[in-house]
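Below: one structure, written as structure tokens.
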Amino acid sequence: MNKKQAICPGSFDPITYGHLDIISRGAAVFDEVIVVVANNQSKQSLFSVEERMALIKETTKDLPNIKVDSCNGLLMDYVRTTGAKVILRGLRAVSDFEYEMQITSINRKLDESVETFFMMTNNQYSFLSSSIVKEVAKYHSPVSDLVPKVVEEALKEKFSS
């Protein structure tokens, strides 16, 4: 029997409850979900790839079918190396759809054997993004409703100066 594998890519800078909602629900659907931290060189990240991977591992440790990895190049090149046939993406609002449609279209052009599955984020996280979390944490406001405790502590450490 072939394992139903999904790749869940993102920058996860940092991982939020919205991300975890998609990851945990994906873990209930697929045999294995590989959470892939994209190393987007055009973005200035707060956390290193290694720090983001460690935070994801810590916050998903109770989900036995989650693996965490990273990639530097095109996502589709990474997907091919795993043999996965599904990319799992979260949608927060209609505004996400246009961007995700563009990405999905180019991914299909690069490899039409790989499907993209979209999952709507729980309504309570529809406003949530890593950028918003970083902005709130930067000004030392509480983020405990937005991220797990370990992420909150990591943010406090980053913005302690």
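The values are calculated or read from the model by the stated rules, or taken from the named source; none is laboratory data. Just so we're clear, the structure is a prediction, and the values are computed from it rather than from any experiment. Ideal geometry is used to build each Cβ from the backbone, glycine not excepted, and the neighbour counts take in all protein chains shown. What goes into the accessible areas is simple: the full protein's heavy atoms, side chains included, and nothing from ligands, DNA or RNA. Shrake-Rupley method; radii C 1.70, N 1.55, O 1.52, S 1.80 Å.
Which pairs turn up if I take residues in segment 61-89 that are among the small types (Gly, Ala, Ser) and look for partners that are surrounded by fewer than 17 Cβ atoms within 10 Å (Cβ to Cβ) and part of a helix (DSSP H, G or I) with beta carbon separation below 9 Å, at least 6 apart in sequence or on another chain?
Listed by first residue and then by second, the contacts come to 70/50.
Answer yes or no as to whether residue 21 is within 25 Å of residue 93 (Cβ to Cβ), charged (D, E, K, R), part of a loop (DSSP other than H, G, I, E, B) and touching a Phe, Trp or Tyr at 6+ places or on another chain (Cβ under 9 Å).
Spelling it out, it is not the case that residue 21 is within 25 Å of residue 93 (Cβ to Cβ), charged (D, E, K, R), part of a loop (DSSP other than H, G, I, E, B) and touching a Phe, Trp or Tyr at 6+ places or on another chain (Cβ under 9 Å).
Given 112, 98, 153, 135, which one is in a loop (DSSP other than H, G, I, E, B) and open to solvent by 60 Å² or more (accessible area, probe 1.4 Å)? Walk me through how you get there before you give the answer.
Details: 98 fails: in a loop (DSSP other than H, G, I, E, B); 153 fails: in a loop (DSSP other than H, G, I, E, B); 135 fails: in a loop (DSSP other than H, G, I, E, B).
The conditions single out 112.
Enumerate the pairs (first residue in segment 117-136 and of a type in the set (Ser, Thr, Tyr) and at pLDDT below 95; second residue anywhere and surrounded by 13 or more Cβ atoms within 10 Å (Cβ to Cβ) and not in a loop (DSSP other than H, G, I, E, B)) with beta-carbon separation below 6 Å, excluding pairs fewer than 6 apart on the same chain, so at least 6 apart or on different chains.
So the pair list comes out as 121/18; 121/21; 121/90; 125/17; 125/18; 125/21.
Return a yes/no flag: does segment 47-55 have any residue that is of a type in the set (Ser, Thr, Tyr), outside any loop (DSSP other than H, G, I, E, B) and either touching a helix residue (DSSP H, G or I) at 6+ places or on another chain (Cβ under 9 Å) or within 20 Å of residue 143 (Cβ to Cβ) (or both).
No, there is no match, as no residue in segment 47-55 is of a type in the set (Ser, Thr, Tyr), outside any loop (DSSP other than H, G, I, E, B) and either touching a helix residue (DSSP H, G or I) at 6+ places or on another chain (Cβ under 9 Å) or within 20 Å of residue 143 (Cβ to Cβ) (or both).
Is at least one residue of segment 47-56 touching a residue at least 40 places away in the same chain (Cβ under 8 Å), open to solvent by less than 30 Å² (accessible area, probe 1.4 Å) and of a type in the set (D, E, K, R)? Outline the logic, then answer.
At the first step, the residues of segment 47-56 found to be touching a residue at least 40 places away in the same chain (Cβ under 8 Å) are 47, 51-52, 55-56.
Filter once more, so that each one left must be open to solvent by less than 30 Å² (accessible area, probe 1.4 Å): 47, 52, 55-56.
From what is left, the residues that are of a type in the set (D, E, K, R) are 52.
Yes, there is a match, as at least one residue in segment 47-56 is touching a residue at least 40 places away in the same chain (Cβ under 8 Å), open to solvent by less than 30 Å² (accessible area, probe 1.4 Å) and of a type in the set (D, E, K, R).
Looking at 16, 60, 81 in this structure, which one is more than 24 Å from residue 156 (Cα to Cα) and of a type outside the set (Lys, Arg)? Break it down into steps so the answer makes sense when it comes.
On the way: 16 fails: more than 24 Å from residue 156 (Cα to Cα); 60 fails: more than 24 Å from residue 156 (Cα to Cα).
Within the list 16, 60, 81, the selection yields 81.
Out of all the residues in segment 121-131, is one or more more than 19 Å from residue 25 (Cβ to Cβ), in a loop (DSSP other than H, G, I, E, B) and open to solvent by less than 90 Å² (accessible area, probe 1.4 Å)? It would help to see each step written out before you state the result.
Narrowing segment 121-131 to residues more than 19 Å from residue 25 (Cβ to Cβ): 131.
Subsequent filtering for residues that are in a loop (DSSP other than H, G, I, E, B) retains none.
No: zero hits.
Those residues that are surrounded by 23 or more Cβ atoms within 10 Å (Cβ to Cβ), farther than 17 Å from residue 150 by Cα and not small (Gly, Ala, Ser), I need them from segment 6-22; list them, please.
7, 8, 22
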